[in-house]
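One structure below.
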Amino acid sequence: MRGWMGKLRAFFIFSALTLLLTGCGVDNLSALKPKGYGSDLLFDLMMISIAIMLFVFIIVMAIYTFVLIRYRQKKGQEDFIPKQTEGNKALEVIWTVIPIILLLVLAVPTVQATFDLADESTKGDEGVTTIEVTGNQYWWHFGYPDDEISTSQDLYIPTGERVYLDMKSSDVIHSFWVPSIAGKMDTNPGDNDNTMYLEAYEEGVYWGHCAELCGPSHSLMDFRVIAVSPEDYDQWKEDMQNVDPEATAEAQEGQELYENNCMGCHAIGDGAAGQGPNMTNFANRTKIAGVIEPSKENLMDWIVNPEQFKPGNQMPANLVSEDEASQIADYLLELDHSDVGASASEAEVEEE
Ligand code: CUA
C-alpha cells in the first residue's frame, strides 16, 4: 500500500510540474503559436501527425483493454491452453493496409508543404526583398544589398509579404530558427548557400535562436526578427540610409576611441560584413550582443570583457580601459537612427 501511495504522489507532483512548466517560455518563441506562413504550415503538419498518433493510440489501447479483460485466465483454467491460431489472411492484410493509409495521409501534406516552403517563384521580382543572412560565432549579420544597408542581430522585415533570405556562414554550421514565423535553416560555410523565406502576418518582435551546436556560446546566439508595417519598413530603410555620422560634443572622444579601437571589426554604415557585428543602429537594438539587457553599465562590462558574457567569442578582452569603455559606450548609445526600431522594442516589453 505504501509504495502505491508513493507512486501516486510522484504522479501528482509530476503532473503539477508539467502543467507549471508548460507555462514557461516566451510567446514569440513558440512553434505552437504560429504567426507566419511558414510556421503555420509546420503547425498544421504537427497537428495532423498528432491526430494520427492519437487515433492509433486510442484504437490499440481499446483492443488491448478488451483482450485483457475478456480473455484473462479464469478459475479452473490453470491447465487450459487456448486455441492456437496463425496466418489469418484477412487480419494480416488489414493491419498492413491501415498503416499504409495513415502514412499516406501524413505524406501527402508533408510533401506539399516541403515544396511550398521551397517555393521561390517571386524571388527577384520588383519590390521583393532579398536579405543576406550570415551566421558567425556567435552573432548574425543581415545585409540588404538592394538598399545598401547592413545590420546585425535585429532583422527588420515588412509584414504581409514574403521576404527571401540567402544564407551562409563565415565559420562553422549554424542554424537560423524563428519558430513563431518560420521553420529552421542551416547556414553553411563555403559556397553551399541555403535559402528560405519569412512571411510574418502581424507586427511584432519574434525571437530567434541558433539551432545548431556551434561552440561554447551556441545557446547565446540569439537574434530578433522585427516585423513592422510596410510603411514603417520603408521609413526604417530611409533612416538607415541617411545616418548622420557626427557624434554630439559629449560623445566626440568616444567616437575617436571607437574609430581607433573598434572600427577594424565593427563597421558603421554599409560596408563589408566585417569581423564583428555592424553597429549602424546599435542603440536601437533590443539587446546587447543578442542576449544582454541594454544599459550603459552592461555595455561597458561587455566592451571591457566580452568573454564573461559569451565564452569563446572573437572579441578581444581588455582592449580599452574602463574609462575608455565608458566613452565608447556614450558614443554607441547615440547610434539610434530610427524611431521604427525603438517603438518595436517597446512593443516587445509590453508583450512580455
Ligand atoms: Cu550558432 Cu549555434
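The number of residues in segment 22-74 being of a type outside the set (Val, Ile, Thr) and in a helix (DSSP H, G or I) comes to 26. Taking the numbered list (1) more than 29 Å from ASP44 (Cβ to Cβ); (2) open to solvent by 60 Å² or more (accessible area, probe 1.4 Å) in turn, GLN112 passes all entries but (1). Considering the conditions (1) open to solvent by 20 Å² or more (accessible area, probe 1.4 Å); (2) more than 19 Å from SER150 (Cα to Cα); (3) at pLDDT below 90, VAL243 is excluded by exactly one of them, (2).
Does VAL205 count as of a type in the set (A, V, I, L, M) and in contact (Cβ under 8 Å) with a residue 60 or more places away in the chain? It is true that VAL205 is of a type in the set (A, V, I, L, M) and in contact (Cβ under 8 Å) with a residue 60 or more places away in the chain. Quick check, is ASP186 open to solvent by 50 Å² or more (accessible area, probe 1.4 Å) and either under 18 Å from ALA289 (Cβ atoms) or more than 16 Å from the ligand (Cβ to nearest atom) (or both)? When the stated conditions are applied, ASP186 does not pass them.
The residues of segment 229-262 that are touching a helix residue (DSSP H, G or I) at 6+ places or on another chain (Cβ under 6 Å) and not acidic (Asp, Glu), listed by number, are GLN235, TRP236, ALA247, ALA251, GLY254, GLN255, LEU257, TYR258. Residue count for segment 288-320, restricted to those that are in a loop (DSSP other than H, G, I, E, B), touching a residue at least 12 places away in the same chain (Cβ under 8 Å) and open to solvent by 30 Å² or more (accessible area, probe 1.4 Å): 10.
Being polar (S, T, N, Q), touching a strand residue (DSSP E or B) at 6+ places or on another chain (Cβ under 8 Å) and either touching a residue at least 60 places away in the same chain (Cβ under 8 Å) or not assigned by TED's automatic domain parsing to the domain that holds LEU198 (or both) is a condition met by at least one residue of segment 23-37. Condition check: of a type in the set (Ser, Thr, Tyr), open to solvent by 20 Å² or more (accessible area, probe 1.4 Å) and closer than 26 Å to MET279 by Cβ. Does THR130 satisfy that? So THR130 fits the description; yes.
Of all residues in segment 243-258, which are without any contact (Cβ under 8 Å) to a residue 12 or more places away in the chain and either touching a Phe, Trp or Tyr at 6+ places or on another chain (Cβ under 6 Å) or in a loop (DSSP other than H, G, I, E, B) (or both)? The answer is GLU246, and nothing else. Taking segment 195-229 as the region of interest, how many residues are in a loop (DSSP other than H, G, I, E, B) and more than 15 Å from the ligand (Cβ to nearest atom)? Qualifying residue count, segment 195-229: 5. Has segment 178-186 got at least one residue that is under 15 Å from TYR233 (Cβ atoms) and charged (D, E, K, R)? No; the residues of segment 178-186 include none that is under 15 Å from TYR233 (Cβ atoms) and charged (D, E, K, R).
The values are calculated or read from the model by the stated rules, or taken from the named source; none is laboratory data. What you see is a predicted model, and the numbers here were worked out from it, not measured in a lab. Methodologically, a virtual Cβ is constructed for each residue, glycine included, from the backbone with ideal geometry; neighbour enumeration extends over all protein chains shown. For accessibility, only protein heavy atoms count, side chains too; no ligands or nucleic acids. Shrake-Rupley method; radii C 1.70, N 1.55, O 1.52, S 1.80 Å.
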